[in-house]
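Inspection log for the structure reproduced underneath, given as structure tokens.
The values are calculated or read from the model by the stated rules, or taken from the named source; none is laboratory data. Predicted model only: the values in this text are computed from it and were never measured. Cβ atoms come from the backbone with ideal geometry, glycine included; neighbour counts cover every protein chain shown.
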């Protein structure tokens with residue numbers, strides 16, 4: 001659909017700004033889905049874990065190569081063997097229920113199958129993250145509508161242009177909310193069906 005706002009000089013940039021902010025929100029939601037535990041090993045399960053590396057908080061993947069040789073195992077191979085205990089401690093204390101083991105060089109993290117209760121808890125947590133992102137998208141719509149109303153008040157656009165621009169903003173909002181809901185449904189199905 002061609003943008004109505006792009007044809008209105010006073011709103012030309014606004015449409016791109018709204019779309020850009022909404023896309024960032026969807027991308028952020030997609031990124032948060034990657035780290036959600038499903039019962040199948042994924043290198044992204046460790047993305048949120050930070051290791052205290054000589055006073056700096058470093059992500060695991062910057063201190064080691066992370067791989068999944070099996071569906072139920074994550075292997076962390078630190079570039080520097082002296083950080084093995086630090087990485088192991090960070091993983092153990094991450095609150096994700098991992099029980100890492102190491103042989104001095106490599107850390108192995110077995111991924112136990114998720115219980116039904118744990119699956120439901122993961123979906124519930126994800127639903128909360130979904131609501132936060134939907135709220136962000138609605139806030140972007142509100143900001144856009146405020147800018148449109150101000151342009152009308154300042155006589156930069158007509159009332160008809162205001163109505164069309166607000167309808168377009170609502171259509172963008174509906175599209176982006178549907179995108180995050182679809183991403184959520186796919187992840188929910190993945191979590192519950194394993």
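Observations, loosely collected:
Listed here are the residues, each with its yes/no results for (1) assigned to a helix (DSSP H, G or I); (2) at pLDDT 95 or above; (3) at positive phi; (4) surrounded by 15 or more Cβ atoms within 10 Å (Cβ to Cβ).
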residue	(1), (2), (3), (4)
105	no, no, no, no
112	no, no, no, no
120	yes, no, no, no
127	yes, no, no, no
133	yes, yes, no, yes
139	yes, yes, no, no
157	no, no, no, yes
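- Residues located in region 17-28, provided they are within 14 Å of residue 145 (Cα to Cα) and either touching a strand residue (DSSP E or B) at 6+ places or on another chain (Cβ under 8 Å) or surrounded by fewer than 17 Cβ atoms within 10 Å (Cβ to Cβ) (or both): 17
- Residue in region 75-95 that is under 18 Å from residue 35 (Cβ atoms), touching a helix residue (DSSP H, G or I) at 6+ places or on another chain (Cβ under 9 Å) and part of a loop (DSSP other than H, G, I, E, B) present: yes
- Residue count, region 76-99 (criterion: closer than 26 Å to residue 119 by Cβ and surrounded by 13 or more Cβ atoms within 10 Å (Cβ to Cβ)): 7
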